[in-house]
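*Asks:* One structure, as structure tokens, below. Some questions next.
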Amino acid sequence: MTIQEKLEILTGAAKYDVSCSSSGSKRSSKGSELGSVSSGGICHTFTPDGRCVSLLKILLTNYCIYDCAYCANRKSNDINRAAFTIDEVVELTIHFYRRNYIEGLFLSSAVFKNANHTMEMLTSVIQKLRTDKGFGGYIHVKAIPGASQELINEAGLYADRMSVNIELPSDRSLKLLAPDKNKEDIFKPMKQISTNILNYQEEHRKYKKTPIYVPGGQSTQLIIGATPENDLDILSLSQKLYDKYDLKRVYYSAYIPVNTASNLPDIKNPPTLREHRLYQGDWLLRKYGFKAHELLNEQKPDFDINFDPKTNWALNNLSLFPVEINQAPYGVLLRVPGIGVRSAQKIASARRIAPLNYLDLKKLGVVLKRAQYFITCNTKYYGSVDLDEEKIRTVLKPQIDLNEADNPYEQLNLFDRLSDSSWKPKLLLPLALQIPSKLLLAEDCLTSVTGEL
Amino acid sequence: MKDYVYDGSFDGLLTAIFYAYQDKDRVKIVKAADYIPHLLNIKISVSTETDKADRVYNSIYSKLSYDTLSNIYHLYLSDIPDVENVILDYIKLCFKYSDTINLAKNNDTIRMVDKYKRRAYGEAHLFKGLVRFKEIAPLIFYSQIEPDHNILPLIIDHFKRRFSDQHFIIHDLKRQYAIIYNLKEAYLRDLSVEEGNQLSHSSESDPFESLFKSFYQSITIEERHNERQQRSYMPKRYWKHLVEM
Ligand code: SF4
């Protein structure tokens, strides 16, 4: 098999892992070594699905001894299989890197032979890159659930980031769809990595020579819509991961069916709008000081897909509004729908010079379409309707019901909608020739990436 | 109206500011390359005087702040038509109200400064990813780019740090100059399009280009097609020099 064919198979097998960020770590080359890591993260290209490509994301092999129901590489599937040698991965990484195609390597693998053997091979690759080749670029490596403590410890010495994919948001779903895995196997390495990070940091403070362990922290991925967990279950889990294991990021991946099995939902339409709302909710946890239980509760455990999570929250807590732009503390400004981190900072800065008027807000990047109902400016309320939950809901509701568009069991025919002249989407000028992604129906579709909510 | 015409260099711009700032008439600063004579305007050619440029530089640095000086440099690098007059307005504003005026994010001039600066920074950041090297001889790499803004000075350190063990050239075809790194130092020098094409055609095609293309095609998820988003992050005008497109 040629290297080209292997690359095709083992890239295709890795592509559903959504995380491709290369941020959060810093490493600069000493003397004449190759490579550096910049803390901001760098995208090297963007695929037609709109995602950032930063790392050479491949599996070492897709030969697997397990049979997880949702996975294309499960052993019962009849697919093309391939395996890279250690040197092949090392060479590809170095050559791609020297051409500035990538920030580094994201290496994962199906489980062949057993967890320890797989982890050993992954570790050999990154050890070789770091020590033999003096490679200083970004390395993200998967911790294979069930691998020994020593192997995980060692891999962490070479990696910028490690991740263990939880994939399914509850133990019950794991049992159902990934019978070979269990919760302990997943959380054990996660816990171990987070303890190691803390211990090494402590040591590093005392002895500057101690290396930093996994400087980019760890991340994980959850599959959305393959199992019955609601948004509250999912965001509560994320919050626990941020608080307890100090994860850097949780990634969400709308379930795309690659297999058919009786215990899998028969989905025609990956729930990407739901995924989008979860990403927005995730920003609110990480950057806006919200807790999962504020955003959702047992009575309303799922986001209303028609509204972003912050608007949703504000509508449910209307008694806290309106807030006065010229007085509200920064933390309160952050909770206003339509005021993102950047505009909140600008408001806090500009009002030190002089009180702001309503026209100023637009200049500061506030999205008045949403914010107008939740603020006063010099005590005056500018909302187009009264401060009333039902009235505001009515004006903010999108023209097309997004809950319907995101129904996973029906393929929504957007052509029907587009030829219906009563509905003119703002974002789709001129009427696109291809079927647009339904994500564009959400006017705030970029905010799940920028975090300006 | 008076048109102060300068040579396009940063020192030239500072010299033009030295004279234009004191002028009581309505003034405009314009680069020689962009200058279109106007019947009613008086043309004043400014030749670069380093002592004048230094005076402007130092008074911004000491009376205003390092940040303001750095803003002005980045505005200059944004290379946006008429940015010179935004810079002049900005300097006048800062001297009138003191450096704290920078906090007034709602002020039209300050907004313009923030916007242009972000554009230059943004593009420089993007190109840390979009530069594509071709290996034209063993461990010697060459890349062509056509950025909107004058970003080479903003990316030179990044590339020098990252590729410290390989020779490389990053060539801005629009502005006909390049970053050259020779394992010891990285510097900027003029390089014409013809010279560049000679460099790039001096070698066979690079076998890793087709491997990267395969990788790019295999990593795409068909079920999630979203070309609008792709183009909003990576506008089509940049595709020309990307091997995978
Ligand atoms: S262990 Fe990983 S690769 Fe193997 S079937 Fe399960 S999810 Fe797929």
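The values are calculated or read from the model by the stated rules, or taken from the named source; none is laboratory data. Every value quoted in this text rests on a predicted model; they were computed, and no experiment measured them. No Cβ is skipped: glycine too gets one built from the backbone with ideal geometry, and neighbour counts run over all protein chains shown. Heavy atoms of the whole protein, side chains included, go into the accessibility calculation; ligands, DNA and RNA do not. Shrake-Rupley method; radii C 1.70, N 1.55, O 1.52, S 1.80 Å.
*Asks:* Under a 5 Å amide H to amide H cut-off, with H placed in plane at 1.01 Å, what residues pair with A:I224 once short-range neighbours are removed?
*Replies:* Counting only residues 5 or more places away or on other chains, the set is A:S253, A:A254, A:Y255.
*Asks:* Could you work out Rg/(2.2 N^0.38 Å) for the range A:282-360, with Rg from alpha carbons only?
*Replies:* 1.19
*Asks:* Further question: Below 8 Å, C-alpha to C-alpha, sequence gap of six or more: please give me the relative contact order for chain A in percent.
*Replies:* Rounded, it is 11 percent for chain A.
*Asks:* Ok, one more. Give a residue-ordered list of calculated ³J(HN,Hα) values for the range A:105-117 (Karplus: 6.51 cos²θ - 1.76 cosθ + 1.60, θ = phi - 60°; whole Hz; x for Gly, Pro).
*Replies:* Along the range A:105-117, the couplings run 10, 10, 10, 9, 6, 6, 8, 10, 6, 7, 4, 5, 4 Hz.
*Asks:* Moving on. Hey, any idea what Rg/Rh is for the range A:309-412, computing Rh the Kirkwood way over Cα pairs?
*Replies:* 1.05
*Asks:* Using a 1.4 Å probe, how large is the accessible area of B:Y73, given in Å² and rounded to the nearest 10?
*Replies:* Counting only protein heavy atoms, B:Y73 exposes about 80 Å² to solvent.
*Asks:* Using the Kirkwood formula over every pair of different C-alpha atoms, what hydrodynamic radius in Å results for the range B:57-164?
*Replies:* Value: 15.5 Å, from the Cα pair sum.
*Asks:* May I pose another question? Beyond 28 Å between alpha-carbons counts as too far, so tell me which of A:K268/B:K236; A:K287/A:K346; A:K363/A:K397; A:K300/A:K346 fall in that bin.
*Replies:* Among A:K268/B:K236; A:K287/A:K346; A:K363/A:K397; A:K300/A:K346, the Cα-Cα distance tops 28 Å for A:K268/B:K236; A:K300/A:K346.
*Asks:* Right, another one. Over every pair of different alpha-carbon atoms in the range B:2-124, take the mean of 1/r and invert it; report that Kirkwood radius in Å.
*Replies:* 14.7 Å
*Asks:* How high is the relative contact order of the range B:2-124, given as a whole-number percent (alpha carbon pairs under 8 Å, six or more residues apart)?
*Replies:* 25 percent
*Asks:* Please identify every one of the GluC sites (Glu not before Pro) in the range B:153-245 that sits in a loop by DSSP and has no more than 15 other beta carbons within 10 Å of its own beta carbon.
*Replies:* Passing both the DSSP loop test and the Cβ count: B:E185, B:E204.
*Asks:* So what is the relative contact order for the range B:129-241, in percent, with contacts set as C-alpha pairs under 8 Å and at least six apart?
*Replies:* 23 percent
*Asks:* What are the ³J(HN,Hα) values, in whole Hz, obtained from phi via the Karplus relation 6.51 cos²θ - 1.76 cosθ + 1.60 with θ = phi - 60°, for each residue of the range A:364-371 in sequence order, with x given for Gly and Pro?
*Replies:* After applying 6.51 cos²θ - 1.76 cosθ + 1.60, I find 8, x, 6, 8, 5, 3, 9, 5 Hz.
*Asks:* Turning to a different aspect of this structure: Among the lysines, which have Cα under 23 Å from the Cα of B:K24 when same-chain residues fewer than 8 positions away are ignored?
*Replies:* Within reach: B:K2, B:K43, B:K52, B:K63, B:K92, B:K96.
*Asks:* Restricting to bridges with both residues inside the range B:129-241, how much of the DSSP beta-bridge set is antiparallel, in percent to the nearest 5?
*Replies:* Given both bridge residues lie in the range B:129-241, the antiparallel proportion sits at roughly 70 percent.
*Asks:* Out of the total accessible area of the range A:309-412 (probe 1.4 Å, heavy atoms of protein only), what percent is carbon and sulfur?
*Replies:* The C+S portion of the solvent-accessible surface of the range A:309-412 is 52 percent.
*Asks:* May I pose another question? At what distance in nm do the modelled label points of A:K113 and B:S232 sit from each other, each positioned 7 Å from its Cα along Cα→Cβ?
*Replies:* Between A:K113 and B:S232, the simple spin-label model gives 4.7 nm.
*Asks:* Still on this structure, I have one more. Checking an interface number: how much accessible area is buried between A and B, summed over both chains, with a 1.4 Å probe, in Å² rounded to 100?
*Replies:* Counting both chains, the buried surface is close to 5500 Å².
*Asks:* Which chymotrypsin sites (Phe, Trp or Tyr not before Pro) in the range A:174-276 pass both tests, a DSSP loop state and at most 14 other beta-carbon atoms within 10 Å?
*Replies:* A:Y207
*Asks:* Calculate one ³J(HN,Hα) per residue across the range A:348-356 by plugging θ = phi - 60° into the Karplus curve 6.51 cos²θ - 1.76 cosθ + 1.60, and present them in order as whole Hz with x for glycine and proline.
*Replies:* Residue by residue, the range A:348-356 yields 4, 6, 5, 6, 6, 7, 6, x, 8 Hz.
*Asks:* Helices from chain B with mean Kyte-Doolittle at least 0.5 and a Cα length along the axis of 20 Å or more, per DSSP H: which?
*Replies:* B:83-97
*Asks:* Under a 10 Å cutoff between Cα atoms, tell me which one of B:S78, B:S143, B:S70 has the largest fluctuation in the Gaussian network model of chain B.
*Replies:* Of the options given, B:S70 has the highest mean-square fluctuation.
*Asks:* Scan around A:E324 for amide H atoms under 5 Å from its own, H built in the peptide plane at 1.01 Å from N, and keep only partners 5 or more places away or cross-chain.
*Replies:* Close amide H contacts, sequence-distant or interchain: A:T376.
*Asks:* Also, I was wondering about something else. Among the trypsin sites (Lys or Arg not before Pro) within the range A:160-245, which fall in a DSSP loop and have no more than 16 other Cβ atoms within 10 Å of their own Cβ?
*Replies:* Qualifying residues, ordered by number: A:K208, A:K209.
*Asks:* Run the helix sum for chain B: -39,500 (n - 2.57) per DSSP H stretch of 4+ residues, divided by residue count, reported at 222 nm to the nearest 500 deg cm²/dmol.
*Replies:* The per-residue figure over chain B is -14500 deg cm²/dmol.
*Asks:* Counting each DSSP H run of 4 or more residues in chain A as -39500 (n - 2.57), what helix-only mean residue ellipticity at 222 nm follows after dividing by all residues, to the nearest 500 deg cm²/dmol?
*Replies:* -10500 deg cm²/dmol
*Asks:* Suppose the chain between A:S384 and A:E184 were pulled fully straight at 0.36 nm per residue; how much longer would it get relative to their current alpha carbon spacing?
*Replies:* Full-extension gain reported as 66.7 nm.
*Asks:* Antiparallel as a % of all DSSP beta bridges within chain A, to the nearest 5?
*Replies:* 20 percent
*Asks:* Averaging over every viewing direction, what projected area does the convex hull of the Cα atoms of the range B:85-130 cover, in nm²?
*Replies:* It is 3.6 nm².
*Asks:* Still on this model: As a test of the definition: which semi-axes, in Å, follow for the range A:179-230 when you take the square root of five times each eigenvalue of its alpha carbon gyration tensor? Largest first, please.
*Replies:* Working from the Cα gyration tensor, I get semi-axes of 32, 12, 7 Å.
*Asks:* Give the long-range amide H neighbours of B:F168: residues separated by 5 or more places, or on another chain, with amide H under 5 Å away, using H modelled in the peptide plane at 1.01 Å from N.
*Replies:* Distant-sequence amide H within range of B:F168: B:F141, B:Y181, B:L183.
*Asks:* What is the average number of partner chain Cβ atoms found within 10 Å of a Cβ in A:360-370?
*Replies:* Mean partner-chain Cβ count within 10 Å for A:360-370: 2.
*Asks:* Then there's this: Under a point-charge model restricted to the Cβ atoms of Lys and Arg (+1) and Asp and Glu (-1), what is the dipole moment magnitude of chain A relative to its Cα centre, in debye to the nearest 20?
*Replies:* 1640 debye
*Asks:* Take the Cα atoms of the protein assembly as shown, build their convex hull, and give its volume per residue in Å³.
*Replies:* Here the figure is 195 Å³ per residue.
*Asks:* Averaged across B:128-135, how many Cβ atoms of other chains sit within 10 Å of each residue's Cβ atom?
*Replies:* 6
*Asks:* Same structure again: How much length is gained if the chain between B:W239 and B:K213 is pulled fully straight, taking 0.36 nm per residue apart and subtracting their Cα-Cα distance, in nm to one decimal?
*Replies:* Stretched out fully, the B:W239 to B:K213 stretch lengthens by 8.0 nm.
*Asks:* Could you provide, to the nearest whole Å², the per residue accessible area of the protein assembly as shown with probe 1.4 Å?
*Replies:* Result: 44 Å² of accessible area for each residue.
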